[in-house]
Amino acid sequence: MTTTTQDAVEWLELTRRAALASHRLVGWVFFDPVGAANYSALGVPGGLGYYIATRGATLGAAGDQAVTAAFGSIHPNMVAMAMGLCREHTTFEAAAAARDAAVVEGLRTYAPEICADLAALAAPLWAAADQLSSAGRVLFASLREWPRPTDDGLLSAWLAVNCLREWRGTPTGPSWPLKRSTWWRPECSTEPGATIPTIGFHAAEAPMTRRSAWRWPGSKLEGWPPMVP
């Protein structure tokens, strides 16, 4: 089958739309006050480390170094602190469940109009994830292997989108540049590395990100320019 220039343009546009949609659907919960409160209720003081522990829950048993490697852009000490608090006070399964409860509540409260259609996509979304190669994408692989809900299509679909979103590989931090790869065309960005859609919104609101405080000497991101001044 021959791919025409028009086909390539259409796929590029579809990819852009899908990337933005997936980030809007997934990213919010890792900064959601309900999710953080659910996590805190498990006994973790102040819900500290909610983002890292719940996003890295599927790799918790593999150890902190595996999570650090999968994220690629978060200081190892930050990862060790967050994952250690989770181990001390609860389990990674419970942490993920606390986040998942916030996902369902948030979607049904703030975006009820998408819930039925999204739930209906659970099976095809997982089918797409199951067809992808996991080579070099450890977080994606761990999410794909994690138990899938059988009684909640909405949550299952959200988890499938979260899984597909992590297929991008490393670094997977919320607001970091990605090296150009075969799925991100050079014309998409004039920066040294292409960026994840919506990065600007996160960076503009997060002084820690703006100052690149999580970059550390010797990391793969040392020397990269900040995403915003």
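Every read-out reported here was derived from the displayed coordinates using simple, explicitly stated rules and does not represent laboratory data. Note that the structure is a prediction, hence the values are computed from the model and not measured. Cβ placement follows ideal geometry from the backbone for every residue including glycine, while neighbour counts extend to all protein chains displayed.
Excluding ASN162 itself, calculate the net charge of residues whose Cβ lies under 15 Å from the Cβ of ASN162, where each Lys or Arg counts +1 and each Asp or Glu counts -1. Cβ neighbours under 15 Å give a net charge of +2. Along segment 41-51 the Karplus relation, 6.51 cos²θ - 1.76 cosθ + 1.60 evaluated at θ = phi - 60°, assigns HN-Hα couplings of 5, 6, x, 7, x, x, x, 4, x, 3, 4 Hz to successive residues, with x for each Gly and Pro.
Between the beta carbons of ARG148 and GLN6, assuming R0 = 22 Å, the FRET efficiency works out to 0.05 to the nearest 0.05.
Between the amide H of GLY63 and any residue lying 5 or more places away or on another chain, no distance stays under 5 Å, with hydrogens modeled in the peptide plane.
Once the Cα-Cα distance is subtracted from the 0.36 nm per residue extended length, the THR91 to TRP28 segment shows a gain of 20.4 nm. Once the Cα-Cα distance is subtracted from the 0.36 nm per residue extended length, the THR109 to GLN65 segment shows a gain of 12.2 nm. Modelled this way, with points 7 Å down the Cα-to-C-beta line, the labels at LEU42 and ASP117 are 3.3 nm from one another.
FRET efficiency for MET81 and THR15, Cβ-Cβ distance as r, R0 = 22 Å, nearest 0.05? Using R0 = 22 Å, I get an efficiency of 0.05. Ordering of 51-63, 72-84 by packing is 51-63, 72-84, highest average first (other Cβ atoms within 10 Å, averaged per residue). Placing unit charges on the Cβ atoms of the charged side chains and taking the dipole of segment 27-142 about its Cα centre, the candidate lying farthest along the positive direction among ALA98, GLY27, PRO76 is PRO76.
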